[in-house]
1. Picking from G72, G56, which residue would you name as being touching a residue at least 12 places away in the same chain (Cβ under 8 Å) and farther than 13 Å from I139 by Cβ?
2. Among F75, F97, which is among the aromatic types (F, W, Y) and modelled with pLDDT under 90?
3. Can you tell me which residue within region 34-49, out of those that are in a loop (DSSP other than H, G, I, E, B) and surrounded by 13 or more Cβ atoms within 10 Å (Cβ to Cβ), is modelled with the highest pLDDT?
4. Could you check F136 against (1) under 18 Å from S67 (Cβ atoms); (2) among the hydrophobic types (A, V, I, L, M, F, W, C); (3) not in a helix (DSSP H, G or I) and say which number it fails?
5. Quick check on my filter: what residues within region 70-129 are among the charged types (D, E, K, R), in a helix (DSSP H, G or I) and more than 25 Å from L20 (Cβ to Cβ)?
6. Can you pull out the residues in region 87-109 that are closer than 30 Å to G62 by Cβ and either in contact (Cβ under 8 Å) with a residue 60 or more places away in the chain or surrounded by 13 or more Cβ atoms within 10 Å (Cβ to Cβ) (or both)?
7. Which condition does V29 not pass, out of (1) in contact (Cβ under 8 Å) with a residue 40 or more places away in the chain; (2) in a helix (DSSP H, G or I); (3) among the aliphatic types (A, V, I, L, M); (4) surrounded by 21 or more Cβ atoms within 10 Å (Cβ to Cβ), if it passes all the others?
Amino acid sequence: MTTAFTIGYGGRPPDEFTRLLAAHGVATVVDVRLRPDKASVGSYALAKDTDKGIAGLLARAGIGYVSLPELGNLFLGYPDSLARYAAFLDRAGPLLFDRLADVPGPVCLMCAEKRVAECHRKAIADHLAAARGWTFTHIE
């Protein structure tokens, strides 16, 4: 059984964000945003220089970072985007989750939305729980 977490950075100061991750013993943040380079707050953007942006922020806190844009929500803008995304995972999940096997844990799925109920990372967590027996704590 794999224990994992989810978190949204929206509205969180960077120091609070890293403090929460460290308090939960997170080893690696898995960025599940479709466009991690487009974050509105520079601390959370994927920068070309790994000492800057989200990778640098996490490295300074002793936390690893992996970007998996293939887990991003392709259905943003649709009124039923979360339902569409869950259906997508039912079809493509086995192909999409192979890369997670090599990520040092405990892992934390990260996206922008602060509340997990408003984010596709809940669908990812639900799918991994049902298909692979993972257990999740949603850091809110």
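1. Values: G56 fails: touching a residue at least 12 places away in the same chain (Cβ under 8 Å).
Unique residue meeting the criteria: G72.
2. Working: F75 fails: modelled with pLDDT under 90.
Exactly one residue qualifies, and that residue is F97.
3. Here is the first cut: in region 34-49, the residues in a loop (DSSP other than H, G, I, E, B) are 34-35, 39-41, 45-49.
Still in the running and surrounded by 13 or more Cβ atoms within 10 Å (Cβ to Cβ): 34, 39, 41, 45-47.
Values: L34: 88, A39: 68, V41: 60, A45: 72, L46: 72, A47: 66.
Looking at residues that are in a loop (DSSP other than H, G, I, E, B) and surrounded by 13 or more Cβ atoms within 10 Å (Cβ to Cβ), I get L34.
4. Every condition holds for F136 apart from (1).
5. First, the residues of region 70-129 that are among the charged types (D, E, K, R): 70, 80, 84, 90-91, 98-99, 102, 113-115, 118, 121-122, 126.
Narrowing the set further to residues that are in a helix (DSSP H, G or I) leaves 70, 84, 90-91, 98-99, 102, 118, 121-122, 126.
Matches in region 70-129: E70, R84, D90, R91, D98.
6. Filtering region 87-109 down to residues closer than 30 Å to G62 by Cβ leaves 96-109.
Matches in region 87-109: L96, F97, R99, L100, V103, P104, G105, P106, V107, C108, L109.
7. Only one criterion in (1) in contact (Cβ under 8 Å) with a residue 40 or more places away in the chain; (2) in a helix (DSSP H, G or I); (3) among the aliphatic types (A, V, I, L, M); (4) surrounded by 21 or more Cβ atoms within 10 Å (Cβ to Cβ) is unmet by V29, namely (2).
The values are calculated or read from the model by the stated rules, or taken from the named source; none is laboratory data. In this text the structure is predicted, and so the values were computed from the model without any measurement. We place every Cβ from the backbone using ideal geometry, glycine too, and count neighbours over all the protein chains shown.
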